[in-house]
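Take a look at the structure set out below.
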Amino acid sequence: VKVCSFLRSCQRSARLSTMADNNLNPKLTPLKWILGSWKGDGEGGYPGSKEKDPLHFLYTEILTFNAPNPAKPVISYDQKTVSRDGSKKMHAECGFYRVTGDNGQIEASIAQSTGIAEVQKGSMQDDGKTLLLESTVVANAEKVKAIHRSLKYDAANDQLVILTSMEASGHPMTQHLSTVLKRVA
């Protein structure tokens, strides 16, 4: 019930439009490059996921980052993936990215459609265009093993490159997803 309420809150926040720069919370200024909607193709895999063979899949990802409240240093996050041909919904998650300090510290709380909830912590790197996050808390659905993620965001050339690694099902930290997105709004 709490995750469902959180998901509804995420969906409402994602529908709000991004605030103009003059209404952006000053702590979000270093992250304004991530605001907007992004779409691109990705590739995923993980060892031993199906019949001891590596799982491999292709997808299209749609991301939206908004700053819904200029009084708070918070960005709402909404993510959906579908099969490359658009015939199958594959995954969805939403949450909030929060600036927690003056030195580029970021905290993300994310709820996935699979029942997993995560808290990730990290920081903006010195280049000002890369955000590295690692899971500090993972609450799982009953059948899911422990998962840790490292995400890297790079907005060079108005592209967003996301690399996600995961530690799960007895496997060490392994790259799981790679996506290249272009800004669409």
The percentage of the accessible area of region 67-136 (probe 1.4 Å, all protein chains present) made up of carbon and sulfur atoms, to the nearest whole number, is 48
Averaged per residue, the 1.4 Å probe accessible area of region 98-143, protein heavy atoms only, in Å², is roughly 54
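Over 24 Å between Cα atoms: which of Lys32/Lys121; Lys39/Lys89; Lys88/Lys152 fall into that group? Intermediate values should be presented prior to the final figure.
Details: Lys32/Lys121 18 Å; Lys39/Lys89 15 Å; Lys88/Lys152 26 Å.
Beyond 24 Å between Cα atoms: Lys88/Lys152.
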Residues meeting the amide H criterion for Met173 (H placed from the backbone, H to H distance under 5 Å, 5 or more places apart or on another chain) are none
Under the Karplus relation with 6.51, -1.76 and 1.60 and θ = phi - 60°, whole-Hz ³J(HN,Hα) for region 66-77, x at Gly and Pro, equal 10, 10, x, 9, x, 7, 10, x, 10, 10, 7, 9
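The values are calculated or read from the model by the stated rules, or taken from the named source; none is laboratory data. Model, not experiment: these values are computed from the prediction. Note: areas computed on protein heavy atoms with side chains; ligands, DNA, RNA excluded. Shrake-Rupley method; radii C 1.70, N 1.55, O 1.52, S 1.80 Å.
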